[in-house]
Amino acid sequence: MCIAAEGLRKRYGDVAALDGVTFEVPCGGAVALLGPNGAGKSTTLRILAGLLRPDAGVARLCGYDVQRQPREAKACMGFLPEDAAPFLSLTVRENLEYVAALRGLDGSAVDWAVEALGLGDLEDRLASSLSRGNRQRLALALAIMHKPRVLLLDEPLNYLDIPAQESVIKMLRGMNAAGTTIFVSTHIMSVAERLAREVLVINRGRIVWRGAMEELKAMAQDAGERIEEVAARLMR
């Protein structure tokens, strides 16, 4: 398994953000963590990315314990947090070159990321001068430039216009087809439907449903409802 969560628990004061979350994602999978705001999605991703320590439970990426083997786990992972912020005082290319240097990559990785996200016309622009949509594209480039085995994506289509969304979806599908495991957190059913083959529904810190996207579509068809209506019912 490329992603594994075992009994993850996390509290913020009296609020249980995660209450025993357990799941696995096979290598090459494409899974959406779907839930309403405050359900525990971002907390789950931050624990998987090693940015937050759980109160209990174990998270593993590529077989590595995220807390005990952080270097190995993070080496196989790319992470796009919600509202990701690049280095605003650097240009687009300088952002990419800096992260490439940290990861021991050469200029070809930078060139590939620039082309993959269509950033060629923006390379010399300061990140601070970019629109929110273009900052999102830069953040995605930073997450994928080392061609990770696992991609953790928190609302990856935020701020993107329709053409940019289509381009990003095509790119992510291509990476998944080439073997990258995709794990995307979203509260929007259409995003999950376009990026994932399997769905985990989370609410109040617990996984309340898991199944194939086709199963969710079949449930909608049988009920004579739109898939968004079925998902909304599961998320209550």
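Filter segment 53-63 down to residues that are without any contact (Cβ under 8 Å) to a residue 60 or more places away in the chain and either surrounded by 19 or more Cβ atoms within 10 Å (Cβ to Cβ) or not assigned by TED's automatic domain parsing to the domain that holds residue 12 (or both), then give me how many there are. Walk me through it before giving the result.
At the first step, the residues of segment 53-63 found to be without any contact (Cβ under 8 Å) to a residue 60 or more places away in the chain are 53-60.
Next, only the ones that are either surrounded by 19 or more Cβ atoms within 10 Å (Cβ to Cβ) or not assigned by TED's automatic domain parsing to the domain that holds residue 12 (or both) stay: 54, 59-60.
Qualifying residue count for the region: 3.
Considering only segment 1-20, how many residues are more than 17 Å from the chain's Cα centre (by Cα) and outside any loop (DSSP other than H, G, I, E, B)?
Final tally of qualifying residues: 13.
Taking residue 44, is it assigned by TED's automatic domain parsing to the domain that holds residue 172, modelled with pLDDT of 95 or more and surrounded by 15 or more Cβ atoms within 10 Å (Cβ to Cβ)?
Values: assigned by TED's automatic domain parsing to the domain that holds residue 172: yes; modelled with pLDDT of 95 or more: yes; surrounded by 15 or more Cβ atoms within 10 Å (Cβ to Cβ): yes.
For residue 44, the condition - assigned by TED's automatic domain parsing to the domain that holds residue 172, modelled with pLDDT of 95 or more and surrounded by 15 or more Cβ atoms within 10 Å (Cβ to Cβ) - is met.
So for segment 136-148 (the condition being outside any helix (DSSP H, G or I), modelled with pLDDT of 95 or more and touching a Cys at 6+ places or on another chain (Cβ under 8 Å)), does at least one residue qualify?
Scanning segment 136-148 turns up at least one residue that is outside any helix (DSSP H, G or I), modelled with pLDDT of 95 or more and touching a Cys at 6+ places or on another chain (Cβ under 8 Å).
With the checklist (1) part of a helix (DSSP H, G or I); (2) in contact with a strand residue (DSSP E or B) (Cβ under 9 Å, 6 or more places away or on another chain); (3) farther than 20 Å from residue 6 by Cα in hand, flag the one item residue 43 doesn't pass.
Against the list (1) part of a helix (DSSP H, G or I); (2) in contact with a strand residue (DSSP E or B) (Cβ under 9 Å, 6 or more places away or on another chain); (3) farther than 20 Å from residue 6 by Cα, residue 43 comes up short only on (3).
Look through 143, 100 and report the one residue that is within 26 Å of residue 38 (Cβ to Cβ) and not assigned by TED's automatic domain parsing to the domain that holds residue 31. Write out each step before concluding.
Working: 100 fails: within 26 Å of residue 38 (Cβ to Cβ).
Being within 26 Å of residue 38 (Cβ to Cβ) and not assigned by TED's automatic domain parsing to the domain that holds residue 31 holds for just one of 143, 100, which is 143.
Restricting to segment 117-135, count the residues that are more than 29 Å from residue 60 (Cα to Cα) and assigned to a loop (DSSP other than H, G, I, E, B).
Counting residues in segment 117-135 that are more than 29 Å from residue 60 (Cα to Cα) and assigned to a loop (DSSP other than H, G, I, E, B) gives 7.
From the list 17, 85, pick out the single residue that is touching a Gly at 6+ places or on another chain (Cβ under 6 Å) and of a type outside the set (Phe, Trp, Tyr).
Details: 85 fails: touching a Gly at 6+ places or on another chain (Cβ under 6 Å).
Testing whether each residue is touching a Gly at 6+ places or on another chain (Cβ under 6 Å) and of a type outside the set (Phe, Trp, Tyr) leaves just 17.
Please find, among 66, 25, 114, 99, the residue that is closer than 23 Å to residue 193 by Cβ and among the β-branched types (Val, Ile, Thr). Working first, answer last.
Working: 66 fails: closer than 23 Å to residue 193 by Cβ; 114 fails: closer than 23 Å to residue 193 by Cβ; 99 fails: closer than 23 Å to residue 193 by Cβ.
Sole residue among the options that is closer than 23 Å to residue 193 by Cβ and among the β-branched types (Val, Ile, Thr): 25.
Could you tell me which residue of segment 184-198 is surrounded by the most Cβ atoms within 10 Å (Cβ to Cβ), considering only residues that are outside any loop (DSSP other than H, G, I, E, B) and not aliphatic (A, V, I, L, M)?
Initial filter on segment 184-198 (outside any loop (DSSP other than H, G, I, E, B)): 184-186, 189-195, 198.
Next, from what is left, pick out any that are not aliphatic (A, V, I, L, M): 185-186, 190, 193-194, 198.
Numbers: 185: 29, 186: 24, 190: 12, 193: 19, 194: 18, 198: 19.
Only one residue fits best here, namely 185.
With (1) touching a Ser or Thr at 6+ places or on another chain (Cβ under 7 Å); (2) free of Cβ contacts under 8 Å to residues at least 60 places away in the same chain; (3) buried (at least 19 other Cβ atoms within 10 Å of the Cβ) as the list, and residue 119 as the residue in question, which single condition is left unmet?
(1)
I'd like to check something: does segment 159-182 contain any residue that is surrounded by 21 or more Cβ atoms within 10 Å (Cβ to Cβ), in the same structural domain as residue 107 (by TED's automatic domain parsing), without any contact (Cβ under 8 Å) to a residue 40 or more places away in the chain and within 25 Å of residue 28 (Cα to Cα)?
No, every residue in segment 159-182 fails to be surrounded by 21 or more Cβ atoms within 10 Å (Cβ to Cβ), in the same structural domain as residue 107 (by TED's automatic domain parsing), without any contact (Cβ under 8 Å) to a residue 40 or more places away in the chain and within 25 Å of residue 28 (Cα to Cα).
Which condition number in (1) outside the structural domain of residue 187 (by TED's automatic domain parsing); (2) closer than 22 Å to residue 49 by Cα; (3) out of contact with any Gly (no Cβ under 6 Å at 6 or more places or on another chain) is the one that residue 156 fails?
Looking at each condition in turn, residue 156 falls short on (1).
Could you tell me which residue of segment 211-236 is farthest from the chain's Cα centre (by Cα), considering only residues that are part of a helix (DSSP H, G or I) and farther than 28 Å from residue 26 by Cβ?
Step one: list which residues in segment 211-236 are part of a helix (DSSP H, G or I), which gives 213-223, 227-234.
Among the residues that remain, those that are also farther than 28 Å from residue 26 by Cβ are: 223, 229.
Numbers: 223: 30, 229: 24 Å.
Per the stated criteria, the residue is 223.
Taking into account only those residues within segment 98-116 that are crowded, with 17+ Cβ neighbours inside 10 Å and more than 17 Å from residue 171 (Cβ to Cβ), which is farthest from the chain's Cα centre (by Cα)?
Among those that are crowded, with 17+ Cβ neighbours inside 10 Å and more than 17 Å from residue 171 (Cβ to Cβ), it is 105.
The values are calculated or read from the model by the stated rules, or taken from the named source; none is laboratory data. Remember, predicted model here, so these are calculated numbers, not experimental data. Heads up, the Cβs are rebuilt from the backbone with ideal geometry, glycines too, and the neighbour counts pull from every protein chain shown.
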